[in-house]
2 protein chains.
Amino acid sequence: MSKDQTRRRILEAAGPVFAEKGYDAATVREICSRAGVNLAAVNYYFGSKEQLYVETLQYGRDPEGQHDQPLTWPADAAPEDKLRLFIEGLVRQMLGERAPWHRQLMLREILQPTGACRQLVERHFRARMDQLLGILDEILPPEVPLSRRQQIAFSIVGQALYYRVASEIVKFLVDEDQRQAHFGVDQLAAHILDFSLAALGLHPGLAVPRPEVTHEPLEP
Amino acid sequence: MSKDQTRRRILEAAGPVFAEKGYDAATVREICSRAGVNLAAVNYYFGSKEQLYVETLQYGRDPEGQHDQPLTWPADAAPEDKLRLFIEGLVRQMLGERAPWHRQLMLREILQPTGACRQLVERHFRARMDQLLGILDEILPPEVPLSRRQQIAFSIVGQALYYRVASEIVKFLVDEDQRQAHFGVDQLAAHILDFSLAALGLHPGLAVPRPEVTHEPLEP
DNA sequence: GCTTGTTTGAAACAGGCGTATTATACGGCC
DNA sequence: GGCCGTATAATACGCCTGTTTCAAACAAGC
């Protein structure tokens, strides 16, 4: 087996393990076992577990030299549509079961940063934040100060992040049937978009009776 | 030293340690060291680290037999005021530095439940959820289905939770000065209330020019 | 074919962990 | 006082961790 081959195999095995268990709980033994390489290989190729972690994050971000293009849309799209696409991508990222391990790793870095690679993580999230702020630029009047724009952005992202970090809470606060029926990716994205657009004033508020609503059977 | 005395000392030492480091990273050696008791005491009094953890959570919830009354308000208060009080309490809980370790432990249980005490955690958060749903009952028209009310509640809580779970992200996305000036507990509570009330339709949206705004200097 | 530098393999090391064991000191009771 | 159940203390055990060691297998150059 060629030299770079085993290196790659270690990286590809390390990704899911780190993503699932976190840095501390992941063991180099499991990584090596999954990769089918010897235990010593990690320290031979990477020097230490920590360095392997850093390089795994880099590898995940950019496996072949291609940047991952987060989200794109036609530049002339309506701001509401851009926001919709952004939120849909966000929710999909949070709830998508087959989330590639790279996203999961990044999320772990949000929740409890290891500090091993501030820069990398920072760049990643700053890009997405700027994207959202750009959309808000087209919606908000210019006199709204930056701090308020940031707060609004956080309010939008926070709604989506909730379903990832508090998924266990959701799981026992709303029962299985309701979850299946109303808490899928699409419905949540639609709700968060509704909530946010209403907050921004582009939709009527959720509490005001909405004439266009299809008449669902009233709850007893 | 009396028997119950050391028991209490262990519990009170275990609280902060578990809260700061989490179940796995916390060690009984540190707990015993902080409590000034022998290493064997934990297993003597609690049988195992896990059981100590469970009893620590219970002890934190209810140290002396008094339930912690989460939040109260006059029953005849306006729904907006109740929501304001609720959100203020929420944000204070999330951001308050001197958060008693019990809150922190509960938050940890949200983010990564140990499963050691589902019931306890479940009761705790269901109570708060019901409180919020009660407030929404007074705001939303009756035909809004339960699932939508729950989504709205999660949208509100999610905004506040964000600043706890993603505090590191906030820290490098908005610079020190801005944070000091606009991301304190009071300002964030005010913003989340604004955003949510606007989303509900009780306030004008944030994007529509608000006549009552005090004219702050425009940003260049 | 031999030498040289590199990669693999299995085992061992040192340290930290939760837990168990054993022995000592305390405090009320006959 | 002597005794005994209980609380403390010190230490040892077994396990798992990241890391190191060192010999064997290998590829390449001459």
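The values are calculated or read from the model by the stated rules, or taken from the named source; none is laboratory data. Note that the structure is predicted; figures quoted are calculated from it, not measured. When we count neighbours, we look across all protein chains shown, and the Cβ atoms used for this are built from the backbone with ideal geometry, even at glycine. Only protein heavy atoms, including side chains, enter the accessible area calculation; ligands, DNA and RNA are left aside. Shrake-Rupley method; radii C 1.70, N 1.55, O 1.52, S 1.80 Å.
Here the stretch B:1-22 is the region considered, the condition is being within 13 Å of DNA strand C (Cβ to nearest atom) and open to solvent by 60 Å² or more (accessible area, probe 1.4 Å), and the residue that is farthest from the other protein chains (Cβ to nearest Cβ) is B:SER2. Any residue at all in the stretch A:156-168 that is acidic (Asp, Glu) and either open to solvent by 60 Å² or more (accessible area, probe 1.4 Å) or more than 21 Å from B:ARG164 (Cα to Cα) (or both)? No, the stretch A:156-168 has no match at all. Assess whether B:TYR23 counts as being away from DNA strand D (no atom under 13 Å from the Cβ) and either touching a strand residue (DSSP E or B) at 6+ places or on another chain (Cβ under 9 Å) or touching a residue at least 24 places away in the same chain (Cβ under 8 Å) (or both). Against the criterion (away from DNA strand D (no atom under 13 Å from the Cβ) and either touching a strand residue (DSSP E or B) at 6+ places or on another chain (Cβ under 9 Å) or touching a residue at least 24 places away in the same chain (Cβ under 8 Å) (or both)), B:TYR23 qualifies. What pairs come out if I take residues in the stretch B:114-126 that are within 8 Å of another protein chain (Cβ to nearest Cβ) and pair them with residues that are in a helix (DSSP H, G or I) and open to solvent by less than 50 Å² (accessible area, probe 1.4 Å) whose C-beta lies under 6 Å away, six or more apart or interchain? Note: pairs meeting the criteria are B:GLU122/A:PHE172; B:PHE125/A:ILE169. Can you find a residue that is within 18 Å of B:THR114 (Cα to Cα), charged (D, E, K, R), part of a helix (DSSP H, G or I) and away from DNA strand D (no atom under 16 Å from the Cβ) anywhere in the stretch B:12-20? Yes, the conditions are met somewhere in the stretch B:12-20.
Residues in the stretch A:130-143: is at least one modelled with pLDDT of 95 or more, crowded, with 21+ Cβ neighbours inside 10 Å and closer than 17 Å to A:ARG92 by Cα? Yes, the stretch A:130-143 has at least one match.
Out of A:LEU197, A:LEU193, one residue alone is more than 7 Å from chain B (Cβ to nearest Cβ), at pLDDT 95 or above, open to solvent by 10 Å² or more (accessible area, probe 1.4 Å) and more than 30 Å from B:CYS117 (Cβ to Cβ). It is A:LEU193. Would you check if B:PHE172 is modelled with pLDDT under 95 and either among the small types (Gly, Ala, Ser) or in a helix (DSSP H, G or I) (or both)? In short, yes.
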